[in-house]
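Undergrad: Please read through the structure below; I'll follow up with questions.
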């Protein structure tokens, strides 16, 4: 099979790790599979590990190359989400490069883009529908929402699609009841890129990052549904407890370096200096840095209120790092489907968040036991199982197109 893998939105983070993990394991398991990986310029810079994947050819999308700094920064947020004329140019480039040249085209971020007209079988993954909700500030403009209302139906009515959780499958049914072909659920395996990183190597990375203190980590961009504000309040409450004076909260992900150094207060974060802080925004980290940070964390936390799943938690469990998560359906799904163990809290109640964090850190032997148990459960859902399910969907799409 010759597959066009089209990574055309500069989403980075967990979605890039997902694409890398999927490609690497597909080519490992299927020797006859050849992948041409069409990639956004930003993702190419962040995912150099792609060049190490066998039988995978990385092809940059010319239409995604950076424009002048003035034009770039004026449209930075929307261009990240594919909301621009540039996105339409990219779709046209995809159609020109791919039409008729492959057995199938796969789009890992179908949930935020138009469905191209390629005249070959197409499969897309839908990760969430957060553009259908308002969480306190506008992320997606009305034109994007209107476009995706139409395009999502095109994806659902024309071929096979995939989602990574029962929650998102149920969301698709709720939000698009008129559709007649909803995404197939395939729960994925671990996404850590450097799963065999040694303690010596991870400690050296932390030393280079000037981290020599106990910390809680939250990987996530600064979009409103990530719920940073309630976490800041909870961390302020936690720091007032005896024994937590030396703890720091590390933030990673695109835009998190807006708070380079700060002190968590009951209402937000007071900006601070490098010599006096308890909150540090580190921005986008490389895959190796990210894996080291998660592996060495005392706790990985996610207070998010809307997600498809908790990819950072899956990374944490693959290392045996304990987690404390929002008590929301997609996060509980990890517990019921994968069998992991985690602490859970009410994401809208900072006092409850602080209490759960305190309890888990005080009873750290139990937390570590839960982390190590989760590591064993994560290992049971191997990528061999996952990629077989993907290939079944790909082959079904090809068969239906004949």
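The values are calculated or read from the model by the stated rules, or taken from the named source; none is laboratory data. In this text the structure is predicted, and so the values were computed from the model without any measurement. Backbone-built Cβ (ideal geometry, glycine too); neighbour counts: all protein chains shown.
Undergrad: Report yes if some residue within segment 352-365 is at pLDDT 95 or above, more than 27 Å from residue 35 (Cβ to Cβ) and assigned to a loop (DSSP other than H, G, I, E, B); otherwise report no.
TA: yes
Undergrad: If I filter segment 33-41 for residues that are farther than 14 Å from residue 106 by Cα and in contact with a strand residue (DSSP E or B) (Cβ under 8 Å, 6 or more places away or on another chain), do I get at least one hit?
TA: Taking every residue of segment 33-41 in turn, at least one turns out to be farther than 14 Å from residue 106 by Cα and in contact with a strand residue (DSSP E or B) (Cβ under 8 Å, 6 or more places away or on another chain).
Undergrad: From the set of residues in segment 253-292 that are within 25 Å of residue 165 (Cβ to Cβ) and crowded, with 23+ Cβ neighbours inside 10 Å, which is nearest to the chain's Cα centre (by Cα)?
TA: 253
Undergrad: Could you tell me which numbered condition residue 166 fails, if it satisfies all but one of (1) in contact (Cβ under 8 Å) with a residue 60 or more places away in the chain; (2) crowded, with 17+ Cβ neighbours inside 10 Å; (3) in contact with a strand residue (DSSP E or B) (Cβ under 8 Å, 6 or more places away or on another chain)?
TA: With (1) in contact (Cβ under 8 Å) with a residue 60 or more places away in the chain; (2) crowded, with 17+ Cβ neighbours inside 10 Å; (3) in contact with a strand residue (DSSP E or B) (Cβ under 8 Å, 6 or more places away or on another chain) applied to residue 166, the lone miss is (2).
Undergrad: Within segment 193-208, track down each residue that is under 24 Å from residue 12 (Cβ atoms) and either surrounded by fewer than 21 Cβ atoms within 10 Å (Cβ to Cβ) or not assigned by TED's automatic domain parsing to the domain that holds residue 343 (or both).
TA: Correct list: 193, 194, 195, 196, 197, 201, 202, 206, 208.
Undergrad: May I pose another question? Here are some conditions: (1) touching a helix residue (DSSP H, G or I) at 6+ places or on another chain (Cβ under 9 Å); (2) within 27 Å of residue 117 (Cα to Cα). Residue 2 meets all but one. Which one does it not meet?
TA: Only one criterion is unmet by residue 2, namely (1).
Undergrad: If you scan segment 353-379, which residues turn out to be free of Cβ contacts under 8 Å to residues at least 60 places away in the same chain and over 21 Å from the mean Cα position of the chain (by Cα)?
TA: Within segment 353-379, 355, 356, 359, 363, 365, 366, 368, 369, 370, 372, 373, 376 qualify.
Undergrad: So which of 52, 22, 56, 9 ends up being more than 24 Å from residue 308 (Cβ to Cβ), outside the structural domain of residue 311 (by TED's automatic domain parsing), surrounded by 19 or more Cβ atoms within 10 Å (Cβ to Cβ) and touching a helix residue (DSSP H, G or I) at 6+ places or on another chain (Cβ under 9 Å)?
TA: 56
Undergrad: Of the residues that sit in segment 309-326 and are in contact with a strand residue (DSSP E or B) (Cβ under 8 Å, 6 or more places away or on another chain) and assigned to a loop (DSSP other than H, G, I, E, B), which one is nearest to residue 135 (Cα to Cα)?
TA: Among those that are in contact with a strand residue (DSSP E or B) (Cβ under 8 Å, 6 or more places away or on another chain) and assigned to a loop (DSSP other than H, G, I, E, B), it is 310.
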